[in-house]
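The values are calculated or read from the model by the stated rules, or taken from the named source; none is laboratory data. These numbers come from a predicted model, not from an experiment. Cβ: placed from backbone, ideal geometry, glycine included. Neighbour counts: every protein chain shown.
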Amino acid sequence: MARYTDAVCRLCRREGQKLFLKGDRCYTEKCAVDRRTYAPGQHGQGRTKASEYGSQLREKQKAKRYYGVLESQFRGYFEMASKMKGKTGENLLSLLERRLDNTIYRLGFAMSRAEARQLVLHGHFTVNGRKVNIPSFLVKPGMDISLKESSRSLDKFKSVIEANSFRQPPKWLDYNAASLSAKVVAAPSRDDIDLPITEQLIVELYSK
C-alpha cells in the first residue's frame, strides 16, 4: 500500500505545529518546527492569511498527517463516518483512532504512529489471539490486543517493558501490564481524542 516517504518534518512545518511524527526527536531542540517556524518551500515565509477553503483544507491535511493516511484512505473513512449514526466529524475521528497502528501507539508500544505501523506490519501483535499485520485494521469493543509471546524478548520491547515507559492509555482501552495486552472496552469518543483538530471544518470541506 502506498505511503508518504518524504521528510516528515516538512509536514509539521507546513501545518505550523508539531504533529509528533518522529517520536523522541519532536521533544528535543532538533525539532524542525522549533528551529524554523515558517512553512517549507520557496514562498514559505511569505504566506498570507488562509481563506475559508484554505482553513478547511489545512484541517483535513493535519488530520491525515496525524494518523498517517493518504487521501483515498481518508475519503473512505469520511464516507464510512457519514453513514454512521451521530456526528460525522466525531465518527471520522473515532474511526481513525480505532486503526490498529494508532491503538498500538496509544498503548505506548511505539514512540510514533509511523513506528507503530512498522511494528504491526512485522506481525508483532495479535488481535483475539490471531496475528494481524494490517495497520488499518479497525479494532472494535470486546477485542483483545496483545504483544506476541515470541516478540517479548526483543530489545525493542524489553527496553519499554523494563523502563515501564508506557504512556497512559485512553479510557477506551483497558491495559493489563502483567500480560502486555489490552481490551477494547468501548469505541473512542471525542473526549478521548486529545488532538487539536476541528473536525467540523473537515465535514464542511467534503460537503462542498
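For a quick check of your reading: which helices (runs of 4 or more DSSP H) sit entirely within the range 45-109 and have at least 1 residues that are outside the structural domain of P170 (by TED's automatic domain parsing) and under 15 Å from I202 (Cβ atoms)? Break it down stepwise before answering.
On the way: elements: 52-67, 71-82, 88-97, 100-107.
It comes to 52-67, 71-82, 88-97.
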Residue count for the range 177-206, restricted to those that are modelled with pLDDT under 90 and either loosely packed, with under 12 Cβ neighbours inside 10 Å or of a type outside the set (A, V, I, L, M) (or both): 5
Failed criterion for L107 (all others in (1) under 30 Å from K158 (Cβ atoms); (2) at pLDDT below 90; (3) of a type in the set (A, V, I, L, M); (4) out of contact with any Ser or Thr (no Cβ under 9 Å at 6 or more places or on another chain) hold): (2)
Single unsatisfied condition, Q56 versus (1) surrounded by fewer than 17 Cβ atoms within 10 Å (Cβ to Cβ); (2) modelled with pLDDT of 60 or more; (3) of a type outside the set (K, R): (1)
Among (1) of a type in the set (S, T, N, Q); (2) more than 30 Å from E52 (Cα to Cα); (3) in contact with a Lys or Arg (Cβ under 9 Å, 6 or more places away or on another chain) - the single one S153 does not satisfy: (3)
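Determine which member of the set M111, M84 is of a type outside the set (S, T, N, Q) and free of Cβ contacts under 8 Å to residues at least 40 places away in the same chain.
Working: M111 fails: free of Cβ contacts under 8 Å to residues at least 40 places away in the same chain.
The match here is M84.
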Which listed residue is in contact with an Asp or Glu (Cβ under 6 Å, 6 or more places away or on another chain) and at pLDDT 95 or above, from V127, V139, V120, V132: V120
Restricting the range 129-150 to residues that are closer than 14 Å to A116 by Cα and of a type outside the set (A, V, I, L, M, F, W, C), the residue that is farthest from the chain's Cα centre (by Cα): S146
Output for the range 64-90, where each listed residue is small (G, A, S) and surrounded by fewer than 18 Cβ atoms within 10 Å (Cβ to Cβ): S72, G76, S82, G86
Checklist (1) farther than 16 Å from T198 by Cβ; (2) in contact with a helix residue (DSSP H, G or I) (Cβ under 6 Å, 6 or more places away or on another chain) applied to R75, failing item: (2)
